[in-house]
Amino acid sequence: MLDLTAARATLSEHYDLSPSLTLAEEMGETYGRMSRVVSPADWAIYAPYVRAINQLKAERNAVVLAHNYMTPEIFHGISDVVGDSLQLAIEATKVDADVIVQCGVHFMAETSKILSPEKTVLMPDMAAGCSLAESITAEGVAEIRAKYPGAPVVSYVNTTAEVKAASDICCTSANAVQIVDAMPGDTVIMTPDQFLAQNVAAQSKKKVVWWEGSCIVHELYTAEDLRAYREADPDVKIIAHPECTPAVVAEADFTGSTSGIIKWVHDNKPAKAMLVTECSMASNISDELPEVEFAKPCNMCPYMKKITLEKVLYALHTMTGQVEVDAAVAKDARRAVQRMIDLSQELGL
Ligand code: 13P
Ligand code: SF4
């Protein structure tokens, strides 16, 4: 486990990380992308880290791949590529760099390593897991396969490399329906998200069966709560992620992947929007969409929130937190992930 006290001592020997209003002002252009959600005082704290990380990225020939759930200072301050899981997986195959710093959760870093074994992939905090990835093992895949002989297994990318290796193909929230529909046979097994599977089943021509995993962030929303919000404010547009229950999805005006949600808000610019997903989503697009009022509540992902500027700087400085995947597992996992990427591109997704 990362020893933060020791990490701080190391960083203070090499960098001046004291809050600086002068530096904050000099870096005003970057701040302009988050000024509605990050206070000037907080920016004075973040700016020295942002500058140090960006300098170190150039020295190490590193790129930061950041998920849409990262906090604004990471999303706008240090990332080279931002996106949903599908976009980050595709970008990992394209980036011209020696080092990838994954600002997201562990399965995302593993996916990058599987697709780019020659690159060093850094995870700023190895404890940034995911309740879905933790809900199933390769043995679990074998178990559910045995129940439905011959049915292909489509595993969400929110899984470990071992689970991907035991699956026929992966999917993300951006392509799940199309991937399932493209599978042979009448029945398709989806792991590990029961709610994504049920939402896919409602749109797919296949019979979908599923593993009983769930996302601890999205399962908290209830249809009753959303109905109460809409009753209190009939103009609010409700936009949900497909990891929510089917009852929640039924209340939504739109459902999509994290990037699909961002695109929908950009395209439609509703006066008021409630993003039924992780809190940073609304924060990250607040400055570019000042005409949209984002209604609360939101739920925070405790895993995503383990990634901080301080941990990113420490990982890049020390080159620690390197993600490794066993070569044989990586080979089989790559087949499942690459098959998803190829099929998505073929389908124009
Ligand atoms: P997206 O692929 O939609 O970004 O979702 C990833 C995730 O972990 C959502 O909880
Ligand atoms: Fe996993 Fe849910 Fe967090 Fe996404 S929001 S990383 S699915 S726990």
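Observations on the model:
- Test: residue in region 16-26 that is touching a helix residue (DSSP H, G or I) at 6+ places or on another chain (Cβ under 7 Å), more than 16 Å from ligand 2 (Cβ to nearest atom) and among the acidic types (D, E): yes
- Within region 322-337, if we keep just the residues that are in contact with a strand residue (DSSP E or B) (Cβ under 9 Å, 6 or more places away or on another chain) and assigned to a helix (DSSP H, G or I), the residue that is surrounded by the most Cβ atoms within 10 Å (Cβ to Cβ) turns out to be A333.
- Hits in region 127-140 (condition: in contact (Cβ under 8 Å) with a residue 24 or more places away in the chain and over 23 Å from the mean Cα position of the chain (by Cα)): G140
- Filtered residues of region 219-235 (kept if buried (at least 20 other Cβ atoms within 10 Å of the Cβ) and either more than 16 Å from ligand 1 (Cβ to nearest atom) or in a helix (DSSP H, G or I) (or both)): L226
- Note on region 157-202: residues that are polar (S, T, N, Q), within 16 Å of ligand 2 (Cβ to nearest atom) and more than 19 Å from P242 (Cβ to Cβ) amount to 1.
- Residues that are closer than 22 Å to V63 by Cα, aliphatic (A, V, I, L, M), away from ligand 1 (no atom under 13 Å from the Cβ) and part of a strand (DSSP E or B) occur at least once in region 114-122.
- Looking across region 280-311, just one residue is away from ligand 2 (no atom under 16 Å from the Cβ) and of a type in the set (F, W, Y), and that is F294.
- Criterion violated by L122 - all others in (1) closer than 22 Å to N299 by Cβ; (2) surrounded by 21 or more Cβ atoms within 10 Å (Cβ to Cβ) satisfied: (1)
- Set side by side, the residues M70, M34 differ, and just one is within 16 Å of ligand 2 (Cβ to nearest atom), outside any helix (DSSP H, G or I) and touching a helix residue (DSSP H, G or I) at 6+ places or on another chain (Cβ under 7 Å), which is M70.
- Some residue of region 141-152 being closer than 17 Å to Q203 by Cα, assigned by TED's automatic domain parsing to the domain that holds L196 and either touching a strand residue (DSSP E or B) at 6+ places or on another chain (Cβ under 9 Å) or in a loop (DSSP other than H, G, I, E, B) (or both): no
- Residue count for region 256-278, restricted to those that are surrounded by fewer than 22 Cβ atoms within 10 Å (Cβ to Cβ) and within 12 Å of ligand 1 (Cβ to nearest atom): 4
- Any hit, region 285-298, residues being closer than 17 Å to D225 by Cα, among the basic types (K, R) and buried (at least 16 other Cβ atoms within 10 Å of the Cβ): no
- Within region 215-226, residues that are under 11 Å from A247 (Cβ atoms) sit with their Cβ atoms under 8 Å from residues that are more than 16 Å from ligand 1 (Cβ to nearest atom) and assigned to a helix (DSSP H, G or I), at 6+ positions apart or across chains, in these pairs: T222/A247; A223/A247; A223/A250; A223/E251; L226/E251.
- Extreme residue, surrounded by the most Cβ atoms within 10 Å (Cβ to Cβ), among residues of region 81-96 that are under 15 Å from the mean Cα position of the chain (by Cα) and not aliphatic (A, V, I, L, M): S85
Here is a yes/no grid of residues against (1) under 30 Å from A138 (Cα atoms); (2) modelled with pLDDT of 95 or more; (3) aliphatic (A, V, I, L, M):
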{"residue": "W210", "(1), (2), (3)": "yes, yes, no"}
{"residue": "S214", "(1), (2), (3)": "yes, yes, no"}
{"residue": "I238", "(1), (2), (3)": "no, yes, yes"}
{"residue": "P242", "(1), (2), (3)": "yes, yes, no"}
{"residue": "P270", "(1), (2), (3)": "no, yes, no"}
{"residue": "A273", "(1), (2), (3)": "no, yes, yes"}
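- Failed condition for M319, given (1) surrounded by fewer than 18 Cβ atoms within 10 Å (Cβ to Cβ); (2) within 16 Å of ligand 2 (Cβ to nearest atom): (2)
The values are calculated or read from the model by the stated rules, or taken from the named source; none is laboratory data. These figures come from a predicted structure and were not determined experimentally. All Cβ positions, even for glycine, are placed from backbone atoms using ideal geometry, and neighbour counts span all protein chains on display.
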